[in-house]
Amino acid sequence: MQELTLRDVLATLDSVLSWSYLDRPEEMAIHGVGATPEKIKKMFLYVCKRPINERGVDLVKTAIRNGAVAIVTDRPIDARVPVIYCRDISRACEQLQALFGTEGNHAKHAER
């Protein structure tokens, strides 16, 4: 299994607008990706389609608490981990699923 880094993620996404807290992307390992905060594991990338659910739960904080080390989103959020802002979150999700070999909202370990 080849380890992927945040640099690999940035190279894959074609709709990146900007990012924050991203000092050394080549050194940050990413072990998987997911869009369901409760299923995020340690060293995973969280794809945030909406930061707060209908019950008012902060999904970003939940994902970080569960181990997310970076977030991809299309809207402003407050997080103390690297955040990659994309123009088209649906497209970004598809690209990340292809990169990590995942389907749907299920987070899986990266295998390449």
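Screening K42 against (1) at pLDDT below 95; (2) open to solvent by 30 Å² or more (accessible area, probe 1.4 Å); (3) out of contact with any Pro (no Cβ under 8 Å at 6 or more places or on another chain) leaves a single unmet condition, (1). Within region 1-32, the set of residues being surrounded by 15 or more Cβ atoms within 10 Å (Cβ to Cβ) and among the acidic types (D, E) comprises D8 only. Per the conditions (1) farther than 21 Å from L59 by Cβ; (2) in a helix (DSSP H, G or I), the sole criterion not satisfied by D23 is (2). Surrounded by 12 or more Cβ atoms within 10 Å (Cβ to Cβ), in a helix (DSSP H, G or I) and among the polar types (S, T, N, Q) - does that describe any residue in region 59-68? Yes - at least one qualifying residue is present in region 59-68. Suppose we keep only residues that are hydrophobic (A, V, I, L, M, F, W, C) and within 10 Å of A63 (Cα to Cα) within region 29-46. Which one would you say is nearest to the chain's Cα centre (by Cα)? Here the answer is L45. Between V9, V33, V72, the distinction of being touching a Leu at 6+ places or on another chain (Cβ under 7 Å), within 21 Å of F100 (Cα to Cα) and either part of a helix (DSSP H, G or I) or among the basic types (K, R) (or both) belongs to V9 only.
Find the residue count for region 75-97, including only residues that are among the basic types (K, R) and either at positive phi or part of a helix (DSSP H, G or I) (or both). Adding up the residues that qualify gives 1. With respect to the conditions (1) within 20 Å of A92 (Cβ to Cβ); (2) open to solvent by 50 Å² or more (accessible area, probe 1.4 Å), E54 falls short on a single one, namely (1). Under the condition of being in a loop (DSSP other than H, G, I, E, B) and without any contact (Cβ under 8 Å) to a residue 60 or more places away in the chain, the residues counted in region 36-54 number 7.
The values are calculated or read from the model by the stated rules, or taken from the named source; none is laboratory data. Predicted, not measured: the structure shown is a model, and the values here were computed from it. Counting neighbours? That spans all protein chains shown, and the Cβs are built from the backbone with ideal geometry, glycine included. When the accessible area is computed, the model is the full protein with side chains, heavy atoms only, and any ligands, DNA or RNA have been set aside. Shrake-Rupley method; radii C 1.70, N 1.55, O 1.52, S 1.80 Å.
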